[in-house]
1. Do you know which of the residues in the stretch 623-642 that are of a type in the set (Gly, Ala, Ser) and without any contact (Cβ under 8 Å) to a residue 24 or more places away in the chain is surrounded by the most Cβ atoms within 10 Å (Cβ to Cβ)?
2. In the stretch 218-243, how many residues are within 14 Å of the chain's Cα centre (by Cα) and either open to solvent by 20 Å² or more (accessible area, probe 1.4 Å) or closer than 22 Å to Leu118 by Cβ (or both)?
3. Suppose we keep only residues that are of a type outside the set (Phe, Trp, Tyr) and either in contact with a Pro (Cβ under 6 Å, 6 or more places away or on another chain) or open to solvent by less than 40 Å² (accessible area, probe 1.4 Å) (or both) within the stretch 703-715. Which one would you say is farthest from Ile663 (Cα to Cα)?
4. Hey, among the residues in the stretch 427-447 that are touching a residue at least 24 places away in the same chain (Cβ under 8 Å), assigned to a helix (DSSP H, G or I) and not β-branched (Val, Ile, Thr), which one's most open to solvent (accessible area, probe 1.4 Å)?
5. So which of Arg861, Arg815, Arg806 is within 30 Å of Ala639 (Cβ to Cβ) and of a type in the set (Lys, Arg)?
6. Return the total of residues in the stretch 799-848 being open to solvent by less than 20 Å² (accessible area, probe 1.4 Å) and over 55 Å from the mean Cα position of the chain (by Cα).
7. Considering only the stretch 512-556, how many residues are part of a loop (DSSP other than H, G, I, E, B) and either among the β-branched types (Val, Ile, Thr) or in contact (Cβ under 8 Å) with a residue 60 or more places away in the chain (or both)?
8. Residues that are modelled with pLDDT of 75 or more: which helices (runs of 4 or more DSSP H) entirely in the stretch 29-133 hold 2 or more of them?
Amino acid sequence: MDSFFLLLLVFLMGAALISGFPVAFSLPGSAILTIGIAAASGYIFAGDPSAYFSQDGPLQWLSSGVTNFRSVYWEVDRDTLIAIPLFVFMGIMLQRSRIAEDLLVAMAQLFGPIPGGLGISVVFVGALLAATTGIVGATVIAMGMISLPAMLRHNYDKSLATGTICASGTLGQIIPPSIVLIILADQLSNAADVANNMRRADYRVATGQGMMPSEFDVVSASAGDMFVGAFIPGMVLVGLYMLYILINALLKPESAPPVPHDGKYDLNFFFQVFLALIPPLALIFVVLGSIILGIATVNQAGAIGAIGALVMGSYRLAEGKRHAYTPALITLASTVVLAVVLTVVPLNIKNITSSAESTGLIIASLASVCMMVGVTWSIWRAHTINNTLQGVMVETAKTTSMVFIILLGAAMLTAAFRGFGGEHLVKEFLTSLPGGFWTQFLVVMLVIFVLGFFIDFIEISVVVVPIVAPILLSDPGANITAVWLGVMLGLNLQTSFLTPPFGFALFYLRGVAPPEVKTTHIYKGAIAFIMLQLLGMMIVAYLPPLVNYLPNRTYLTSDNAPPPVNPKIQECLEENLFPLYETEQPRLNEAVATFRQSNLGGLPDSYQSKLEGSLKLVPTIADKVAAVRQAEANLAAFAEGYAPLHYRVRDIEQDIQKHDADIKAFEQAIQRLKFSEAPDAPARMKQFEQDIERLQEEKATLATTIPSEWKEQRAQFEKLAKEEKMARLLYRRSVDDAYQPLLDVEEVLQQTAALEQLEPTLQGLRSVIETAPNDDVMERIKEAEGAFSDLSGVSKIKSPLSKARRLFKKDDVDRNEALALLDDSLSEFRAEVTWRKQAQAEVLPALLAYDDALKPTVGVRLQPRLSLELAKDISVCKSSHRDISLYF
């Protein structure tokens, strides 16, 4: 019965959308109506409002609806949604101030003289506008009004001209910063959490182990990751468009003839081009560059973009007037001064310790005030000239409100869809398809492609993605990242904007195209670019590193990068390090031999013992590497023959689990019917009992189809996998044990000067112990102990101090005993300083040379961060999707 209400939910939503009812109310309205009808039907016909719900009831659905409301507005993890109004404001301001128009005209004049140059300039400007506006409708309309008449006037083929404009206008869907990427990132971050839970559950069922290794976790996506990941695919599309126009112009010159510039290519021309091109490019670089370099979050970058667009718009609005560029110049100069000051002087307002920092703070404060003057002047100008600011703010508020209302409505609709078992049905349908992940993926992409004909990207992102994304992300065979899936979905949604007969971009252009341009011209022109977009999608699908490399590299080279010892990067790290041992092991052995010849007699026995352990371990590392490679080869050789059996049995077990789920559902239905007063309750209970018997028989039959060799083969695979894991753990433990003693001794020796400076602190305790009250003595000794807390290897110095401090907890303290303990501490202090100074001169140089020899290989794991070269190599390694299905 719940399937009936699921169909009713879909029907009501579709009917509301087709009738033209606002999307923001169609989604929650259809959910509320269906939930109400189902609850009323259950109460009337079964005596239980929850009777026709697959999971949860109307009260649970209402509770989840309130939770969804709270999550959109108050959940900290979803604060990237704040960036939406900022980027919307940036795009509308650039459009309203006609900066986009100036850019298009300048590029057309610059590229026009080459074959297809006008069309190429349209693509180029479309990419720039996409990176500044991210709004398809605004971009298509603006370019249609400006460039289409020019292209037609210069005898461009109508289909090529309209197709170029429509395709270039849709680049805002995929080239960051894009509203669709922000929404997809928000939805996919939640979907990744759900997928992770699903994958953990599958791992627990398959292996019987409660904890899944962290390296098997689903890789989530933030808005910054989505922006960075979509950059290269966006450039791929731009390159395909330009290449197509150029080839078309060379093969059929009459379709895209050169457009000579009427004026002269003089200094004034290039100044106008510079003025039109550089500010938008600079804004794009600052916004995207700050995200890619890890300087700013997406929200902060959005704020930068909004202010930058406002300042740029103000001088364009005041063009030809006095002081037109003054606010922009003040703001730019202030920004440069701030950047220089922060580079030269590390400012911390709460901790100004020098005159240079005080001077830097004063200069930075003045620059900030000047920046506020420039920004305020720009705001006032945008407000007073043609009331531009109010118009931009109203449009921003409308667009943002629409997005957030749809998010809320979609959350309610998704909760209803799940309540009627829709998610279970979708998962069952997708997982039952032959061909595994790629069949599921193609079906999902096809459905989204078709839905794009009829509904906007926002509705698809917030309704469809939360349902299908967890299923795709949880698949361990494909093991895709959320960023890659998000970019593929973004490319798909972009394609749907162009597809006849309902492509939104086609309608936008039709609304501003002159009468001589027929609808058939627009449709015909769009088809070629649809093919190019599909080609771009196939390229990105086949080459995941195009998406995954930049997010990985940005993360691994950022200030928040994980240390090399992080478990999630170990296999890629070892993949890069293991070949080095073939060439570096002789040099490592030579370094060991050289260091053995140094005089370690000045070190205490404990440190000598540690270093001796390192010297013994280093020559054995190559053997540990060989053991890992052998275990890896053994596992790979066995897995080749084992894999078909594994997939076959897992499919059977999946069918058995489906039977178990169906049996459980029938048992729950029987329990509900026991308390029902409906006249047909006994008959329905009997039918459910018969269904349970049938399912149990089918389940038993399925169990007999599992090959007899399965348990033995699985045990052998697990044995080989464990051997490989243990070999890797032994290698990692060995390199850490070989390198850690060096770090310990180096740290101790390099702290010698800091330790020596604490002697007056110890000496000053004598008079305090002799005369001061007990509480004061304990406080001063505690301060002295704290002074040693940042130093290594000083426990023998601190121990007598701690004992002396505890003596003063008694009223009748023996101060002579405390002074004796102080003398013990001073004695240990002098002995410690003496051997450290001697070792600093005799041992440290040889130790540092030994460290330099080990650092590129044995010592990599214990470095504070990856080197740039290693970070690049690991980024490449982690950019490809690795099949981990045999572990499940």
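The values are calculated or read from the model by the stated rules, or taken from the named source; none is laboratory data. Quantities reported herein were computed from a predicted structural model and do not represent experimental measurements. Backbone-built Cβ (ideal geometry, glycine too); neighbour counts: all protein chains shown. All accessible areas refer to the heavy atoms of the entire protein, side chains included, with ligands and DNA or RNA removed. Shrake-Rupley method; radii C 1.70, N 1.55, O 1.52, S 1.80 Å.
1. Residue satisfying both the conditions and the ranking: Ala626.
2. Counting residues in the stretch 218-243 that are within 14 Å of the chain's Cα centre (by Cα) and either open to solvent by 20 Å² or more (accessible area, probe 1.4 Å) or closer than 22 Å to Leu118 by Cβ (or both) gives 5.
3. For the stretch 703-715, the residue satisfying everything is Arg714.
4. Going through the qualifying residues, I end up with Trp438.
5. When all the criteria are applied, what remains is Arg861.
6. So the count comes out to 3.
7. Going through the stretch 512-556 one residue at a time, the tally reaches 6.
8. Answer list for the stretch 29-133: 83-96, 99-111, 117-132.
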